[in-house]
Amino acid sequence: MSSTGYNLEESSADRNVEIWKIKKLIKSLEAARGNGTSMISLIIPPKDQISRVSKMLADEFGTASNIKSRVNRLSVLGAITSVQHRLKLYTKVPPNGLVIYCGTIVTEEGKEKKVNIDFEPFKPINTSLYLCDNKFHTEALSALLADDNKFGFIVMDGNGALFGTLQGNTREVLHKFTVDLPKKHGRGGQSALRFARLRMEKRHNYVRKVAEVATQLFITNDKPNIAGLILAGSADFKTELSQSDMFDPRLQVKVLKLVDVSYGGENGFNQAIELSAEVLSNVKFIQEKKLIGRYFDEISQDTGKYCFGVEDTLKALEMGSVEILIAWENLDIVRYVLKNHATDEEKVLHLTPEQEKDKTHFTDREVQLLGNHLKISRRDPSLLKVGVKVFYDTEWTSKVLRLQMV
């Protein structure tokens, strides 16, 4: 699919890819099982010290040396040694922390296989963990997948304005100020006209100040730093702001809802969060709906700027013809590269897990398996070179695709 002006930011696409990678990793780690307690899960939070963890591992090595079962003792000691070797690759804990999984697992065929994984999470992981078990512990990784979209709130009433954000379950007040607006005047004649003019002027200045502060708080490097914006208030101020020429157009397009609240200040902020819960939970759903809607628009208009299926999509990628790539997050196709030693000819297969069980794909004596991996990765140089934006969509997307393509 090719398109221009698509308004989902590339940083969001990058984050979606990182989340997809973590989901894939969690799925494989949760399925892994071992004999004994030789599977180590180690999580080091940011600002912790490598030296402290190294000492802890040395102490654990000494303790494990006393395990009575020889087989289990050697397995645990081997896993600890693997973790120590991984840790030596780092001079300090990365900014987002460090996650290490090491141990010996038992495959479906009953064979033992060593697993050594170390990586820096895509966002800070504020958990400290060391466990030796017959399984890997992934609870802290699952917590990283919680929706971390940040939403802005502006609460306006006749007494002042409050600016805040909501991210997950964390609310934060960024700024607030009070205002002294004249009340409606009951006198007639010239006095009434003068007071009405002063009142409108102060009201105008109030809306202008709110618009200016909103730009200062919710725009960073010329881009909105929030996924959406809620305007709340007990009078018409929120409506005036949303329709005002003084309100930054980059924020106007981010407005998700106007909410009537009974209070100003922090009480109004809390009430606005409650009243906008449904629309906030639907933001990702709406983004996916727009993305898939754009795709089917290309199909219905027969623009030729679309393709589907693994083979055709990869061909388009190799040709540099793709601007936006949509991949279902539960995509389980694996790309195998096979090489015939006699002719140096390479053969590429794309197989599902069910097809992988058919070993006839790999039993030709003249053919060697060069590698197998998931092809679609945001960090694939071939994608970066042509500027492809990659979006991974959820179960909702797969249902829509099945419905539309039948």
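Three principal axis extents of the stretch 184-286 based on alpha-carbon atoms, in descending order, are 56, 31, 21 Å. The alpha carbon convex hull volume per residue for the stretch 32-145 rounds to 92 Å³. Put a dot 7 Å past the Cα of R52, heading toward its Cβ, do the same for V334, and the two dots end up 3.9 nm apart. Peptide packing for 103-112, 320-329 was compared via the average number of neighbouring C-beta atoms within 10 Å per residue; ordered from the highest value, the list is 320-329, 103-112.
When the C-alpha to C-alpha distance is required to be over 18 Å, the pairs from K123/K254; K23/K123; K24/K305; K254/K284 that qualify are K123/K254; K24/K305. Counting only DSSP beta bridges with both residues in the stretch 133-292, the antiparallel share comes to about 60 percent. Placing unit charges on the Cβ atoms only, positive for Lys and Arg and negative for Asp and Glu, gives the stretch 31-135 a dipole magnitude near 160 debye about its Cα centre.
Every read-out reported here was derived from the displayed coordinates using simple, explicitly stated rules and does not represent laboratory data. This structure is a prediction, so every number in the text was calculated from the model and none was measured. All Cβ positions, even for glycine, are placed from backbone atoms using ideal geometry, and neighbour counts span all protein chains on display.
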